[in-house]
Amino acid sequence: MSHGHDHASPVTATGRHRWRLQLVVAITATVFVAEVIGALVSNSLALLADAAHMLTDSMGLLLALVAAGLALRPATKRRTFGLQRAEILAALANAVVLCVIGISVLVGAVQRWNNPTEVAAGPMFWFAVVGMLANLVGLAVLWSGRSESLNLRGAFLEVLADLLGSVAVIAAAVLIGFTGWVWLDSVAGIAIFVLIVPRVWSLLREALDVLLEATPPGIDLDEVRTHLLEVDDVMGVHDLHAWTITSGSAVLSAHVVVSAECLSGGRSDELLDRLSSCLDEHFDLDHCTLQLEPEAHLEHEHSLHE
């Protein structure tokens, strides 16, 4: 027995903020072109590395945008949750690509350190300033949506890493202009690597948790069981599972042992309403599948999961 809801036309957390992704994609792509020109003019590896990061982010953000559109497609008999997991796959792909670009920057910085070349600090500085200002705009656009969607959080972290990278390039340009120490260009490249890799770890871990169907953050299954057991007529709860379909969409299933009086008295519908209200009120879970069963049914269970 399950408690049904109308889940047609799902609107995911990322879907509600698609316009933010569209705007940031346009900004990031424009800055990428500007920084490539700046890197060629100034001969700066750090600026070129920041431009490469911008390109990666543009591709990642575009992927996130496409995934958000796919997630809005209705469910089918074959894909009963639609394509909502496309958002999580996009976030995972972004994390992997960020790791690759970070390692590439590190290798280039080490090579430039061993073979330093002249750098035009002036153009390097001004093109980095343009990148920094654009990243600030991108962060402002993504700020309010970052806590709702893992995909938007990934985009936010990417833009934040870009911002910090631009700051590193600006600092290197200023110091090179005053001291002539061109090796600082390599230092800035290494700094970009340091900023990219650690920040991507949390995104990668959260995406893998979703794909591995770990319990969603903020939901304690022991607490869920306790609340369900406090509902009248509930005698036991087992096979309790909670997982995430995509950002902002947590689901739960459980077998609920109920009193014989409840089942024989025709109060099952009322009990399901009370159980669903309990889960929605205390844990913000509105997509729950609950199987009601009498105590005698326990002996037919092949395995019980506490």
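The values are calculated or read from the model by the stated rules, or taken from the named source; none is laboratory data. Values in this document were obtained by computation on a predicted structure and should not be read as measured data. Please note: Cβ atoms are built from the backbone with ideal geometry, for glycine as well, and neighbour counts cover all protein chains shown. Quick note on the areas: whole protein, heavy atoms, side chains included, nothing else; ligands and nucleic acids left out. Shrake-Rupley method; radii C 1.70, N 1.55, O 1.52, S 1.80 Å.
Observations on the model:
- Residue within the range 178-185 that is open to solvent by 30 Å² or more (accessible area, probe 1.4 Å), of a type in the set (V, I, T), over 30 Å from L263 (Cα atoms) and part of a helix (DSSP H, G or I) present: yes
- Qualifying residue in the range 159-172 (condition: under 16 Å from the mean Cα position of the chain (by Cα) and either modelled with pLDDT of 80 or more or open to solvent by 10 Å² or more (accessible area, probe 1.4 Å) (or both)): yes
Table: residues versus (1) more than 27 Å from the chain's Cα centre (by Cα); (2) under 17 Å from E295 (Cβ atoms); (3) surrounded by fewer than 16 Cβ atoms within 10 Å (Cβ to Cβ).
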| residue | (1), (2), (3) |
| --- | --- |
| E230 | yes, no, yes |
| G236 | yes, yes, yes |
| A250 | no, no, no |
| S253 | no, no, yes |
| G266 | yes, no, yes |
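- Odd one out for S104, checked against (1) open to solvent by 10 Å² or more (accessible area, probe 1.4 Å); (2) touching a helix residue (DSSP H, G or I) at 6+ places or on another chain (Cβ under 9 Å); (3) farther than 14 Å from A52 by Cβ: (3)
- Test: residue in the range 229-238 that is part of a helix (DSSP H, G or I) and either over 30 Å from S104 (Cβ atoms) or in contact (Cβ under 8 Å) with a residue 40 or more places away in the chain (or both): yes
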